[in-house]
Amino acid sequence: MTALISVIPIVLLIVLMMGFKVSGYKSAIVTLVVTVLLALYAVPAMDILPEKFAGVSLYGITLWSVLEGLLKACFPIILIIIFAIFSYNILCETKEIETIKSQFIQMTSDKGLLVLLLTWGLGGVLEGMAGFGTAVAIPAAILIGLGFKPMFSAVICLVANTVAVGFGAVGLPATTLANQVAASGVATPEELCEVATFIIVQLSLMFFITPFLILMMTDRKKILKNICIALFVGAFSIVVQFLCAYFIGPETPAILGSVAAIIAMLIYNKLFIKKESGADAVQVEHQRFGFAKTLKAWSVYGLIIFFILISSKIVPPVNELLNTTLVTQFELPVIGNTFKFGWLSNAGLMIFLGAVIGGMIQGMRFGQLMKLLSKTTLNLQKTVVTICCLVAVAMLMNNTGMTNDIAKGLVLLTGSAFPFFAPLIGSIGTFVTGSATNANILFGKLQATAAHDLGLVNQGTFFGISGSETNWLAAANCAGSEGGKLMSPQSIAIATAACNMEGQDGEIMRKTIPFAIFWILMNGLMVFLGLHVF
């Protein structure tokens, strides 16, 4: 019963957006108000408040939880969204987006391969390096620039931004999960590799199914061709990601795996795709671009990728310097949680620097760039309200015990069948918080506890890979969280902002939920089979 009451904010949000077609920002405001009322009046009756808050005023917990959500929404999620859209607007302002569009189309005349290149390839690289919505915002904006419909662009980028999520932002979600379930609280390199490898194995079918779905959404007529491309590209991706996870750890699978996928697509195009013509082809006037013109056109995205790479764990000295310089960190009163934000180490700054320097290379003055940034920010005000309210809801549900109670209810309800439902818990965490990292913080330990309660504490072999049963079940949380990303209101808010579709959040959610359900079911099947069959 307490779990049913705790799930009210989630159900309310879905019903408002899908059932009554209420816009995202209005739905988020109403949901926040209802969650505040539940926290103040239902939580005491349910007796689910964490022990550390015993005797603490619920008014104080509620107030500071909402403030915590607002801080986390602004730093860095909203910054990244604003700067990502800003970077695209610069290209539109300087007309260099036309050069990029032409070059992408000249890579292949096949629509399916072009969309896969942008969403699965470029999107995967962006997710692996930056995360926090960049893999949806930037490819979706480019697709619209290429002439694809906004709804198609939004949905297909959300579908594509799944497999890479667990290893986004240089492996942050998977690393967080491994630390959550490690006995010492800090995972060893071996434990990091084991958890990362298990996530890849559990997602193995989706490396082939997701590209196929993307291709079918683009062109349903060419089923055989789509199967061949999906198998070819998926094989490249999974082999590289598995090797990265097994030998290196969680930091590089998404980045290097997506680069491998891009190479595979270009190889396939060269070997097997004949030049398309007619309605099935992407039409563009063939142009030749010199080296200088290409560098100028790609200066914005090229510099963004450069700054993100040199600030990541791939370059440890720079990463360490940035992570320890100009860092704001303080403990929030009453709730005792720590807020931390690195002004130099966050992906938002890297996108801003790349966008501004690239924009100046493309001929814009600094004053013009700042005016464009102001205009971009004003146009995203509804998205800002949506995300602020949703993250506040997430923090309030977390701190008052509602989210944890939902997960515990599912554990009690499913019993020995829990491994099949383990990915669902991860998806709930991501749906609520909008972040696979936060989902792993919330439920990673719970998955490990459930494994112990079920007696899953031994070493085993899962699809031929040796490791701990506890880590196998914990990895399901991260694998499932990627399904939740598909229908997370925060992810959808990013897509609506990128595609200038504010107010159509519910329609996008209706289109992504079937994919999310399929994803969670497939993950559950893989987790269950790994434990009991293979």
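The values are calculated or read from the model by the stated rules, or taken from the named source; none is laboratory data. Quick caveat: nothing in here was measured; it's all calculated off a predicted structure. Cβ: placed from backbone, ideal geometry, glycine included. Neighbour counts: every protein chain shown.
Going through (1) surrounded by fewer than 24 Cβ atoms within 10 Å (Cβ to Cβ); (2) touching a Ser or Thr at 6+ places or on another chain (Cβ under 9 Å) one by one, Ser204 falls short only on (2).
Does Ser153 satisfy being of a type outside the set (Lys, Arg), over 18 Å from the mean Cα position of the chain (by Cα) and over 13 Å from Gly128 (Cβ atoms)? Here the answer is no, as Ser153 does not meet what is asked.
Are any of the residues in the stretch 348-356 among the aliphatic types (A, V, I, L, M) and either in contact with a strand residue (DSSP E or B) (Cβ under 8 Å, 6 or more places away or on another chain) or assigned to a loop (DSSP other than H, G, I, E, B) (or both)? No, the stretch 348-356 contains no residue that is among the aliphatic types (A, V, I, L, M) and either in contact with a strand residue (DSSP E or B) (Cβ under 8 Å, 6 or more places away or on another chain) or assigned to a loop (DSSP other than H, G, I, E, B) (or both). Of Ala182, Ala235, all but one fail to be surrounded by fewer than 19 Cβ atoms within 10 Å (Cβ to Cβ) and at pLDDT 95 or above; the exception is Ala235. You will find that of Ala417, Ala407, the residue that is small (Gly, Ala, Ser) and buried (at least 20 other Cβ atoms within 10 Å of the Cβ) is Ala407 and no other. As for the stretch 324-347, it holds at least one residue that is part of a helix (DSSP H, G or I), touching a residue at least 24 places away in the same chain (Cβ under 8 Å) and surrounded by 13 or more Cβ atoms within 10 Å (Cβ to Cβ). Taking residues in the stretch 297-321 that are touching a residue at least 40 places away in the same chain (Cβ under 8 Å) and in a helix (DSSP H, G or I), and partners anywhere that are buried (at least 21 other Cβ atoms within 10 Å of the Cβ) and of a type in the set (Phe, Trp, Tyr), not one pair has Cβ atoms closer than 6 Å while being at least 6 places apart or on different chains. The criterion of at least 1 residues that are in contact with a helix residue (DSSP H, G or I) (Cβ under 8 Å, 6 or more places away or on another chain) and either in the same structural domain as Ala347 (by TED's automatic domain parsing) or among the aromatic types (Phe, Trp, Tyr) (or both) is met, among helices (runs of 4 or more DSSP H) falling completely within the stretch 133-203, by 150-160, 189-202.
To keep it simple, each residue is scored yes or no on (1) crowded, with 24+ Cβ neighbours inside 10 Å; (2) of a type in the set (Gly, Ala, Ser); (3) touching a Pro at 6+ places or on another chain (Cβ under 8 Å); (4) not in a helix (DSSP H, G or I).
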{"site": "Leu70", "(1), (2), (3), (4)": "no, no, no, no"}
{"site": "Cys74", "(1), (2), (3), (4)": "no, no, no, no"}
{"site": "Leu79", "(1), (2), (3), (4)": "no, no, no, no"}
{"site": "Ala84", "(1), (2), (3), (4)": "yes, yes, no, no"}
{"site": "Ser87", "(1), (2), (3), (4)": "yes, yes, no, no"}
{"site": "Ile97", "(1), (2), (3), (4)": "no, no, no, no"}
{"site": "Lys101", "(1), (2), (3), (4)": "no, no, no, no"}
{"site": "Gln106", "(1), (2), (3), (4)": "no, no, no, no"}
{"site": "Val115", "(1), (2), (3), (4)": "yes, no, no, no"}
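Across the stretch 248-270, not a single residue is classified as surrounded by fewer than 16 Cβ atoms within 10 Å (Cβ to Cβ), at pLDDT below 95 and part of a loop (DSSP other than H, G, I, E, B).
Residue-level analysis places Phe528 among those that are among the aromatic types (Phe, Trp, Tyr) and closer than 30 Å to Phe247 by Cβ. Counting only residues that are over 30 Å from Thr400 (Cα atoms), under 25 Å from the mean Cα position of the chain (by Cα) and not β-branched (Val, Ile, Thr), the stretch 303-340 holds 12 of them. Out of the stretch 214-227, which residues are part of a helix (DSSP H, G or I) and either touching a helix residue (DSSP H, G or I) at 6+ places or on another chain (Cβ under 6 Å) or closer than 12 Å to Asp110 by Cβ (or both)? If the condition is that a residue be part of a helix (DSSP H, G or I) and either touching a helix residue (DSSP H, G or I) at 6+ places or on another chain (Cβ under 6 Å) or closer than 12 Å to Asp110 by Cβ (or both), then Ile214, Leu215, Met216, Met217, Thr218, Lys225, Asn226 are the ones that fit.
Of everything in the stretch 9-34 that is more than 24 Å from the chain's Cα centre (by Cα) and at pLDDT 90 or above, the residue that is nearest to Asn379 (Cα to Cα) is Val30. In the set (1) assigned to a helix (DSSP H, G or I); (2) more than 28 Å from Met18 (Cα to Cα); (3) free of Cβ contacts under 8 Å to residues at least 40 places away in the same chain, Pro514 fails one condition alone, (2). Checking each residue in the stretch 69-120 for being more than 25 Å from the chain's Cα centre (by Cα), within 26 Å of Met370 (Cβ to Cβ) and among the hydroxyl-bearing types (Ser, Thr, Tyr) picks out Thr94, Thr99.
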